[in-house]
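Scroll down for the structure; my scribbles are underneath it.
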Amino acid sequence: MATQQVVFLILAGGILLSALMVVSVRNIVHAALFLALCFAGVSGVYVLLRAEFLAVAQVLIYIGAITVLFLFGIMLTRHITGQNIPQLVAHWKWALAGACAFFFLLLHLILRSEWRVVEEVPRDSTTALGLALVERYVLPFELASVILLAAVVGAVVLAKQEGR
Amino acid sequence: MVPLSWYLILAALLFCIGVYGVLARRNAIAILMSIELMLNAVNINLVAFARYTTPVMLTGQVFAIFVMMIAAAEAAVGLALVLSVYRNMRHIRVDDVRLLKW
């Protein structure tokens, strides 16, 4: 087995284990930390796929920003993290069955499909990505900043104390 | 070289774990975390397709960047909503938030 496949299997095992911990541990702070571990594994997968810029962006945005945001949210709503509050809804077995059924449907479709794989190896995807973002995709790129601004303003308005 | 279908199966598993988390968890913050897992699964798929089927165009990677950006916006607005619910009801158990359901 090639080195890349071994690395992939280790990363995949780490990602799936930490994702399972995110949806199953009782302590919500531990869930947030496992989420960071899962994001780190996904960043490794991006490196394997030769998407270096996305790997760095994953570390910066997901581990650096979103996980910290979740930790702040947990801190501000803190006494719901108690150990003896049930963390699952009453119908969780149905949810498990539905998720498993959906996975087997996806697995069936993935194994049955013919993927037209190109053997060409890309070089220097970061330069190509930067050029694509300011040439071909410049309008969505600018719209993205508007959406981010709207989200920031909306979050501030929603989280603000009323009556002040 | 790692076959494309391995990446797709990894993403499918991660997505289904996220689906289970959204449906089964009771805490609103845990549900937001599961949504992030699902978005990550989608991103793995997009980047894998960009690598294996269109390595020159990189459309998948550009799309993955936009998904990341929407995920950041969604996390910020979602957590603000959770804080707002918590301030009004003193808990964030989603099966007990049913003001609109008579």
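Each value in this text was obtained by applying a stated rule to the coordinates, not by laboratory testing. What you see is a predicted model, and the numbers here were worked out from it, not measured in a lab. Neighbour counts are summed over all protein chains in view; Cβ atoms, including those assigned to glycine, are modelled from backbone coordinates with ideal geometry.
Let me make sure I get this right: for the stretch B:4-90, a, b and c are the square roots of the gyration tensor eigenvalues over alpha carbons, sorted descending. Under 1.5 in a/c it's rounded, otherwise prolate if a/b > b/c, else oblate. Which is it?
Note, shape of the stretch B:4-90 comes out oblate.
When only Cα pairs under 8 Å and 6 or more residues apart are kept, what is the percent relative contact order across chain A?
Reported as a whole number, the value is 18 percent.
Does the protein assembly as shown classify as rounded, prolate or oblate by the C-alpha gyration tensor (a ≥ b ≥ c root eigenvalues; a/c under 1.5 gives rounded; else a/b over b/c gives prolate, otherwise oblate)?
Verdict is oblate for the protein assembly as shown.
Could you line up B:M69, B:M1, B:M33 from fewest to most neighbouring Cβ atoms inside 10 Å?
B:M1, B:M69, B:M33
With charges only on Cβ, +1 for K and R and -1 for D and E, what is the dipole size of the stretch A:100-148 about its Cα centre, in debye, rounded to 20?
180 debye
Which order do A:I15, B:I70, B:I44 fall in if you start with the one that has the fewest other Cβ atoms within 10 Å?
Final ranking by Cβ density, sparse to dense: B:I70, B:I44, A:I15.
Over the stretch B:4-90, what is the mean sequence separation of C-alpha contacts under 8 Å (at least six apart), divided by residue count, expressed as relative contact order in percent?
Relative CO of the stretch B:4-90 lands at 27 percent.
If I build a Gaussian network model for chain A, linking alpha-carbon pairs within less than 10 angstrom, which residue out of A:V25, A:V118, A:V138 has the largest mean-square fluctuation?
A:V118
Using mean Cβ contacts within 10 Å as the protection proxy, how do A:123-132, B:8-17 order, highest first?
Averaged packing, sorted descending, gives the order B:8-17, A:123-132.
Could you give the longest part of chain B that holds none of the trypsin sites (Lys or Arg not before Pro) found in DSSP loops with at most 14 neighbouring Cβ atoms within 10 Å?
Result for the longest clean stretch: B:1-89.
Shape of the stretch A:91-164 from its Cα gyration tensor (a ≥ b ≥ c, root eigenvalues): rounded if a/c is under 1.5, otherwise prolate when a/b > b/c, or oblate?
Here the stretch A:91-164 falls in the oblate category.
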